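The values are calculated or read from the model by the stated rules, or taken from the named source; none is laboratory data. Bear in mind that the values here come from a model prediction, so they are computed numbers and not experimental data. Note: ideal-geometry Cβ built from the backbone for every residue, glycine included; neighbour counts use all protein chains shown.
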């Protein structure tokens, strides 16, 4: 029947994750081509018939972020012009999510601009993971499903079989999500009081709320770029008597000297998901990548079969 075939396409920002999602679903990735010309212009072409079909496009707009985001918009437009019945955009890491508010004079609310562009291009639904600011869902008028990496990361932490854990939030803003980690792992929660004074991707830990002495600490957060915050918190935890320090991050962006900093830090292991790929640095042996492809695949399957996906948030 027209419209019932499950078609999953991957942009150039997420080829590996797209392949993993398709293996979970038992389908072959859709045929598509993207070309970047010498002047920087992008050209995209859908390589098969999608008329009347419900299409799923996987693309993390990153490395380089602006090229990948423009590619995302072009893909949406290409599918709609090829008469797809609907286009569900799977954005594993919404890279402009930090631009969610006007917290300085004369600045753009970048996440809102991106949301509007995605809608104008023709997207019918967005599926993403661990938005930096959940209110970004309200920037869209189309449905947005913000999946949680919590069960995957918590399972990786538990597999390490460390007892006497303490879960650590790197700041007050992430405390609510960190508390969910603590509840799932049956561990207490500590919260770092962090101060960030500029856009240098560095911060300063002012205080630590909670007892970490003689405990195995696990720092949890939604993303890291320079690993600066992780290292600041890790150093504070060691000073406060933590027996060991590990970290679990949804989006491992990793740029510059992040891996060198990680190697030189007291962090013994850093768990990240595979929402981000193509980092410009070689990952440290301390980094362990766990896949969220099964979560995205189940969300796609349920959306396609018109089933509720609320079970994925429990």
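Miscellaneous remarks
- Filter result for the condition that a residue is touching a helix residue (DSSP H, G or I) at 6+ places or on another chain (Cβ under 6 Å), without any contact (Cβ under 8 Å) to a residue 60 or more places away in the chain and not in a loop (DSSP other than H, G, I, E, B), over 33, 77, 100: 77
- Test: residue 151 is in contact with a strand residue (DSSP E or B) (Cβ under 9 Å, 6 or more places away or on another chain) and closer than 26 Å to residue 278 by Cα: no
- Those residues of region 282-308 which are surrounded by fewer than 18 Cβ atoms within 10 Å (Cβ to Cβ), over 21 Å from residue 269 (Cβ atoms) and under 16 Å from the mean Cα position of the chain (by Cα), in sequence order: 294
- Flag if residue 277 is outside the structural domain of residue 179 (by TED's automatic domain parsing) and either assigned to a strand (DSSP E or B) or modelled with pLDDT of 95 or more (or both): no
- Residue that is surrounded by the fewest Cβ atoms within 10 Å (Cβ to Cβ), among those in region 54-69 that are out of contact with any helix residue (DSSP H, G or I) (no Cβ under 9 Å at 6 or more places or on another chain) and either in contact (Cβ under 8 Å) with a residue 24 or more places away in the chain or under 22 Å from residue 299 (Cα atoms) (or both): 65
Per-residue answers, yes or no, for (1) modelled with pLDDT of 95 or more; (2) closer than 27 Å to residue 65 by Cβ:
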site: 169; (1), (2): yes, yes
site: 174; (1), (2): no, yes
site: 181; (1), (2): yes, no
site: 188; (1), (2): yes, no
site: 216; (1), (2): yes, no
site: 230; (1), (2): no, yes
site: 244; (1), (2): yes, no
site: 253; (1), (2): yes, yes
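- Matching residues in region 155-174 - criterion: being crowded, with 18+ Cβ neighbours inside 10 Å and free of Cβ contacts under 8 Å to residues at least 60 places away in the same chain: 165, 167, 169, 171, 174
- Test for residue 311: is it assigned to a helix (DSSP H, G or I) and either without any contact (Cβ under 8 Å) to a residue 24 or more places away in the chain or surrounded by fewer than 20 Cβ atoms within 10 Å (Cβ to Cβ) (or both): yes
- Applying the criterion of being in contact with a strand residue (DSSP E or B) (Cβ under 8 Å, 6 or more places away or on another chain) and part of a helix (DSSP H, G or I) to the residues of region 280-308, the residue that is farthest from residue 151 (Cα to Cα) is 304.
- Among residues of region 5-30 that are without any contact (Cβ under 8 Å) to a residue 40 or more places away in the chain, those with a beta-carbon under 6 Å from a residue that is assigned to a helix (DSSP H, G or I) and surrounded by 20 or more Cβ atoms within 10 Å (Cβ to Cβ) at least six positions away or on a different chain give the pairs 29/18; 29/22.
- Among the candidates 23, 106, the residue that is part of a helix (DSSP H, G or I) and either out of contact with any strand residue (DSSP E or B) (no Cβ under 8 Å at 6 or more places or on another chain) or closer than 20 Å to residue 142 by Cα (or both) is uniquely 23.
- Index of the failed condition, residue 142 passing every other in (1) surrounded by 17 or more Cβ atoms within 10 Å (Cβ to Cβ); (2) touching a strand residue (DSSP E or B) at 6+ places or on another chain (Cβ under 8 Å): (1)
- Qualifying residue in region 38-53 (condition: within 29 Å of residue 149 (Cα to Cα) and either touching a helix residue (DSSP H, G or I) at 6+ places or on another chain (Cβ under 7 Å) or touching a residue at least 60 places away in the same chain (Cβ under 8 Å) (or both)): no
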